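Undergrad: Could you have a look at this structure, given as structure tokens, before my questions?
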Amino acid sequence: MVKKIMKYVSTRDNFKEYTFKEVFIKGLADDGGLYVPKSLKKYNISELSAFKDLSYNELSTEIISQFSSDFISKDELSSLISKSYSTFRDKEVIKISNLGRQKLLELFHGPTLAFKDIAMQFIGNLYEYYLSKNNKKINIVVATSGDTGAAAIDSIKGKYNLNIFVLHPNNRISSVQRKLMTTVEEKNVFNIAIDGNFDDCQNIVKSMFSDLEFSKSINMSGVNSINWARIIAQTVYYFYSYFRIGKENISFSVPTGNFGDVFAGYIAKRMGLPIDKLIVATNENDILHRAISKGDYVSKKVKETYSPSMDIQLASNFERLIYYINNSDSKITKNIMKKIKQNIYQIDKLNLDTIKKDFLSESCNEKETLEIIKNNYEENNIILDPHTAVGVGAAKKLLLNDCVVLSTAHPCKFPNAINSAIDKHEKLPEALQHILNKEENFQVLKNNAEEIKKFIKSKV
Ligand SMILES: *Cc1c(COP(=O)(O)O)cnc(C)c1O
């Protein structure tokens, strides 16, 4: 049987086709758009029920292989996935627990204690697989609001023919987040602290990618949340939780920053998974809540909050949603992206009605976030990390009391927030205690793309 190979296009030009291999290695299309599949496989209920009893790894293999068959065979993919998740503290990769009537989808049992590990461990091994067949050296450059960087470093450290450069906003991530990155000793890991916020870091990385002379000269590759391989690895846990919970039309509440995780849920829904609503839960950086509730997609200054991984104003993956709600029209998408760049985009009524069929949104401020942590500790004896708390709070405000909340990080990663909410100290898991007293290694650089390029050139 000849298997159909999935073709990809860019959100800004859906005429030209790409393969998964190009999509994975390049991350961002040359026209500045994001890659999306030309068409998605849609499962019907009986096809879905065949997946019901699969383990997490088996389910990952089934779903991801739909997208990647031009690049890796199903057998090789299966062993790559087993290897990727062998580093997790929980054998089934994720865990589902109860929080009153809500469920928590615990996604933080990987090596760096946040959900980013699930996609990133997979991606690190995909690079290794690619390089085993291509004699090249690749330099990965990535911006992080705190968790992506640690997860990316853990997945790339020590790997042959790969370097990784991570840009984080100086003094704007938690010390545990920073130490998970800066105490790594492998020689192919470089940490750069930028005098600026996460959006500044992300903009520098974007400008390096669009400087084709530079990016080609170092064979630059990206693992930011726009990388399609990350999105598909994240769709898997929506499927998995649907089978484990065994209920039709569940809603998910998703703490959101770059619109990656919640977009993965949207893709799962488009693939036929019977999801009711996806709740976009934001902290005080609430552009996505304003956008989805009233069409206002104008960005404001980034605020620092207790949930730093969501301190983002420009949600890169939102471009993919814009593309889909405009019936895969890349011309319209391109025009809207121009307006977003000028910071004047308002979502029109037709588009907004389409968005509201699948999404709800809410935002929690700092005080509410701490109250949610405190109340859940007192009532349920569960300590939520501040990002998860935003997800729990958003669902509560929307009166969706029996939805599934994505629990995106281990609370020990954010001791300041936890200490401000309750009088308790969440310890790091034993295996990670050593980072607390280890020497840190990072370079502080100005918020200036040319300077960062020079630094990277001197290291590759
Ligand atoms: C990255 C992150 C988020 C936001 O996820 P997006 O995919 O960027 O929307 C939420 N919580 C935690 C702990 C994170 O690390």
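Undergrad: Within segment 13-51, restricting attention to residues that are among the aromatic types (Phe, Trp, Tyr) and more than 20 Å from Met120 (Cα to Cα), which residue is surrounded by the fewest Cβ atoms within 10 Å (Cβ to Cβ)? Give the derivation first.
TA: Residues of segment 13-51 that are among the aromatic types (Phe, Trp, Tyr), as a first pass: 15, 18, 20, 24, 35, 43, 51.
Then keep just the ones that are more than 20 Å from Met120 (Cα to Cα); that gives 15, 18, 43, 51.
On the way: Phe15: 7, Tyr18: 19, Tyr43: 19, Phe51: 16.
If we take residues in segment 13-51 being among the aromatic types (Phe, Trp, Tyr) and more than 20 Å from Met120 (Cα to Cα), then Phe15 is surrounded by the fewest Cβ atoms within 10 Å (Cβ to Cβ).
Undergrad: Now, a different point. Looking only at segment 214-249, filter to residues that are over 25 Å from Gln202 (Cβ atoms), touching a strand residue (DSSP E or B) at 6+ places or on another chain (Cβ under 6 Å) and modelled with pLDDT of 95 or more; which one of those is most open to solvent (accessible area, probe 1.4 Å)?
TA: Per the criteria, the residue is Arg244.
The rows are residues; the columns are (1) open to solvent by 30 Å² or more (accessible area, probe 1.4 Å); (2) at pLDDT below 95; (3) of a type in the set (Ser, Thr, Tyr); (4) touching a helix residue (DSSP H, G or I) at 6+ places or on another chain (Cβ under 9 Å).
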position: Asn335; (1), (2), (3), (4): yes, no, no, no
position: Ile373; (1), (2), (3), (4): no, no, no, yes
position: Lys413; (1), (2), (3), (4): no, yes, no, yes
position: Asn419; (1), (2), (3), (4): yes, yes, no, no
position: Asp423; (1), (2), (3), (4): yes, yes, no, no
position: Glu426; (1), (2), (3), (4): yes, yes, no, yes
position: Leu432; (1), (2), (3), (4): no, yes, no, yes
position: Phe442; (1), (2), (3), (4): yes, no, no, yes
position: Leu445; (1), (2), (3), (4): no, no, no, yes
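Undergrad: Within segment 111-127, is there a residue that is part of a loop (DSSP other than H, G, I, E, B) and open to solvent by 40 Å² or more (accessible area, probe 1.4 Å)?
TA: No, there is no match, as no residue in segment 111-127 is part of a loop (DSSP other than H, G, I, E, B) and open to solvent by 40 Å² or more (accessible area, probe 1.4 Å).
Undergrad: So which residues in segment 387-424 are under 24 Å from the mean Cα position of the chain (by Cα), among the hydrophobic types (A, V, I, L, M, F, W, C), within 17 Å of Asn375 (Cα to Cα) and not in a strand (DSSP E or B)?
TA: Ala389, Val390, Val392, Ala394, Ala395, Ala417, Ile418, listed by residue number.
Undergrad: Something else now. Would you confirm whether any residue within segment 152-161 is among the charged types (D, E, K, R), open to solvent by less than 10 Å² (accessible area, probe 1.4 Å), within 18 Å of the chain's Cα centre (by Cα) and modelled with pLDDT of 95 or more?
TA: Keep residues of segment 152-161 that are among the charged types (D, E, K, R), which gives 154, 157, 159.
Add one more test, that the residue is open to solvent by less than 10 Å² (accessible area, probe 1.4 Å), and what stays is none.
No.
Undergrad: Here's another thing I want to ask about it. Of all residues being touching a Lys or Arg at 6+ places or on another chain (Cβ under 8 Å) and away from the ligand (no atom under 16 Å from the Cβ) in segment 310-336, which is farthest from Asp30 (Cα to Cα)? Just the residue, please.
TA: Of everything passing the filter in segment 310-336, Tyr324 is farthest from Asp30 (Cα to Cα).
Undergrad: State all residues of segment 65-91 that are farther than 17 Å from Asp154 by Cα and open to solvent by less than 20 Å² (accessible area, probe 1.4 Å); if no residue qualifies, say none.
TA: The answer is Ser65, Phe67, Ser68, Ile72, Leu77.
Undergrad: Read through the list (1) of a type in the set (Val, Ile, Thr); (2) crowded, with 24+ Cβ neighbours inside 10 Å; (3) part of a helix (DSSP H, G or I), then give the number of the only condition that Ile355 fails.
TA: Ile355 satisfies every listed condition except (2).
Undergrad: Within segment 295-309, restricting attention to residues that are within 16 Å of the ligand (Cβ to nearest atom) and outside any loop (DSSP other than H, G, I, E, B), which residue is surrounded by the fewest Cβ atoms within 10 Å (Cβ to Cβ)?
TA: Pass one, segment 295-309, residues within 16 Å of the ligand (Cβ to nearest atom): 297, 299, 302-309.
From what is left, the residues that are outside any loop (DSSP other than H, G, I, E, B) are 308-309.
Numbers: Pro308: 27, Ser309: 29.
Here the residue is Pro308.
Undergrad: While we're on this one: Being open to solvent by less than 20 Å² (accessible area, probe 1.4 Å), part of a loop (DSSP other than H, G, I, E, B) and within 16 Å of the ligand (Cβ to nearest atom) is the requirement here; does Phe259 meet it?
TA: Considered against the rule, which asks whether it is open to solvent by less than 20 Å² (accessible area, probe 1.4 Å), part of a loop (DSSP other than H, G, I, E, B) and within 16 Å of the ligand (Cβ to nearest atom), Phe259 comes out as yes.
The values are calculated or read from the model by the stated rules, or taken from the named source; none is laboratory data. These numbers come from a predicted model, not from an experiment. Glycine also receives a Cβ, built like all others from the backbone with ideal geometry; neighbour counts cover every protein chain displayed. Side chains included, ligands, DNA and RNA excluded: accessible areas come from the protein's heavy atoms. Shrake-Rupley method; radii C 1.70, N 1.55, O 1.52, S 1.80 Å.
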